[in-house]
Amino acid sequence: MAKILITGGTGNLGKSLTRLLSEKNIPYVVGSRINNSGASNVAVMDLLKNEGIKEAVEGKEIIFHLATDPKNDTIASQNLLNAIDKNSNVQLIYISIVGIDKVPLSYYKQKLASENAIKACGIPYTILRATQFHELINQVISTALKFPLGLLPKKMVSQPISTEVVAQELFRLSLEKAENRTYEIGGAEILSVEQMAKEWLLQTGKKRWILNLPIPGTLGKSLRNGSLATINKKAESITWKQWLARCGSAYLR
Ligand SMILES: NC(=O)c1ccc[n+]([C@@H]2O[C@H](COP(=O)([O-])OP(=O)(O)OC[C@H]3O[C@@H](n4cnc5c(N)ncnc54)[C@H](OP(=O)(O)O)[C@@H]3O)[C@@H](O)[C@H]2O)c1
């Protein structure tokens, strides 16, 4: 029986982690709200409706908690924690975000509350805070540049990272004894959103006007001053330019 549960195993990061485990022939179960294919290693569970969680966590020794609901991340995490037998031999590995304690976004408040709930619940844990994934940056830029004039947050900087590298780090941490610690991981380079958008335009061949809008207040300041970046960079993470080139036309719309 698989001893590993991956909540959010169907997401961008989850897919990289399941690929890595499959390559290593390590069995795992994916927690998901749906199982269309009828795969035997999918546990149907809903972290918000609080359904199927107890069955999914039973007998697991490692739980990678990657699932997220942008509006209700804390409730989802709390429901997961409530379902875990505190006396069982389990360790929890939670993926969080660099800068959640500095950047005043409501989603980040949710993630911080999830971290605090994990720290307080008595289950051995490891928290890994990562910087923005390439897929997210691509989603934000492609949405902003959908029309001839695109609005971007002026001087905002980020340190995009590949989900493969984050998955490798999560796996590495899962091999160690959980010591209730929080780590950070970031991509190879820190870039402004404008720099990333220009590279995106270059590689997609699209023509757009870019207007850089200053974001006011503490939010704007934190987005400009590098709060989303970390000194713990992973040089082996491919760069934004390499990611764009690798993903080709499949991703870039
Ligand atoms: N995106 C980034 O740049 C970034 C950066 C740092 C950290 N993170 C963190 O990394 C994690 C994964 O991010 P991602 O971008 O890979 O996510 P994603 O692609 O948006 O996937 C979200 C996952 O959450 C699951 N999910 C959503 N609601 C659920 C519910 N009620 N019950 C059970 N599962 C539910 C979905 O599973 P089903 O649809 O199959 O149910 C899906 O697998 C998140 O915790 C996020 O905060 C993300």
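Kindly indicate which of 82, 87 is at pLDDT below 95 and under 26 Å from residue 27 (Cβ atoms).
87
Kindly indicate whether residue 128 is assigned to a strand (DSSP E or B) and open to solvent by less than 10 Å² (accessible area, probe 1.4 Å).
Yes, satisfied.
Considering (1) assigned to a helix (DSSP H, G or I); (2) within 15 Å of residue 239 (Cβ to Cβ); (3) open to solvent by 10 Å² or more (accessible area, probe 1.4 Å); (4) not basic (Lys, Arg), say which one residue 196 fails and leave the rest.
Among (1) assigned to a helix (DSSP H, G or I); (2) within 15 Å of residue 239 (Cβ to Cβ); (3) open to solvent by 10 Å² or more (accessible area, probe 1.4 Å); (4) not basic (Lys, Arg), residue 196 violates only (3).
Please enumerate the residues belonging to region 204-235 that are of a type outside the set (A, V, I, L, M, F, W, C), in contact with a Gly (Cβ under 9 Å, 6 or more places away or on another chain) and within 13 Å of residue 156 (Cβ to Cβ).
Of everything in region 204-235, those that are of a type outside the set (A, V, I, L, M, F, W, C), in contact with a Gly (Cβ under 9 Å, 6 or more places away or on another chain) and within 13 Å of residue 156 (Cβ to Cβ) turn out to be 214, 222, 226, 227.
Could you grab me the full set of residues in region 153-187 that are among the small types (Gly, Ala, Ser) and either under 20 Å from residue 103 (Cβ atoms) or in contact with a Lys or Arg (Cβ under 6 Å, 6 or more places away or on another chain) (or both)?
158, 186, 187
Here are 204, 230, 218, 239: which of them is open to solvent by less than 90 Å² (accessible area, probe 1.4 Å) and farther than 16 Å from residue 162 by Cβ?
204
Does region 90-116 hold any residues that are buried (at least 18 other Cβ atoms within 10 Å of the Cβ), assigned to a helix (DSSP H, G or I), touching a helix residue (DSSP H, G or I) at 6+ places or on another chain (Cβ under 9 Å) and not polar (S, T, N, Q), and which are they?
Result: 111, 115.
How about region 39-57: which of its residues are closer than 11 Å to residue 79 by Cβ, touching a residue at least 12 places away in the same chain (Cβ under 8 Å) and open to solvent by 100 Å² or more (accessible area, probe 1.4 Å)?
Answer for region 39-57, where residues must be closer than 11 Å to residue 79 by Cβ, touching a residue at least 12 places away in the same chain (Cβ under 8 Å) and open to solvent by 100 Å² or more (accessible area, probe 1.4 Å): just 54.
Residue-by-condition table, conditions (1) closer than 27 Å to residue 65 by Cβ; (2) more than 12 Å from the ligand (Cβ to nearest atom); (3) touching an Asp or Glu at 6+ places or on another chain (Cβ under 6 Å):
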| position | (1), (2), (3) |
| --- | --- |
| 126 | yes, yes, no |
| 133 | yes, no, no |
| 136 | yes, no, no |
| 139 | yes, no, no |
| 154 | no, yes, no |
| 157 | no, yes, no |
| 160 | yes, no, no |
| 163 | yes, no, no |
| 171 | yes, yes, no |
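In region 165-188, what count of residues is obtained for those that are open to solvent by less than 60 Å² (accessible area, probe 1.4 Å) and either within 15 Å of residue 134 (Cα to Cα) or aromatic (Phe, Trp, Tyr) (or both)?
Number satisfying all stated conditions: 8.
Do any residues in region 77-97 that are under 19 Å from residue 171 (Cβ atoms) have Cβ atoms under 6 Å from those of residues that are more than 9 Å from the ligand (Cβ to nearest atom) and assigned to a strand (DSSP E or B), where the two are at least six apart or on different chains, and which pairs are they?
Every condition considered, the pairs that remain are 91/62; 92/63; 92/125; 93/64; 93/126; 94/127; 96/127.
Can you confirm whether residue 114 is touching a residue at least 24 places away in the same chain (Cβ under 8 Å), more than 30 Å from residue 58 (Cβ to Cβ) and not hydrophobic (A, V, I, L, M, F, W, C)?
Answer is no for this residue.
The values are calculated or read from the model by the stated rules, or taken from the named source; none is laboratory data. Predicted, not measured: the structure shown is a model, and the values here were computed from it. Quick reminder, even Gly has a Cβ in these numbers, built from the backbone with ideal geometry, and neighbours come from all protein chains shown. When the accessible area is computed, the model is the full protein with side chains, heavy atoms only, and any ligands, DNA or RNA have been set aside. Shrake-Rupley method; radii C 1.70, N 1.55, O 1.52, S 1.80 Å.
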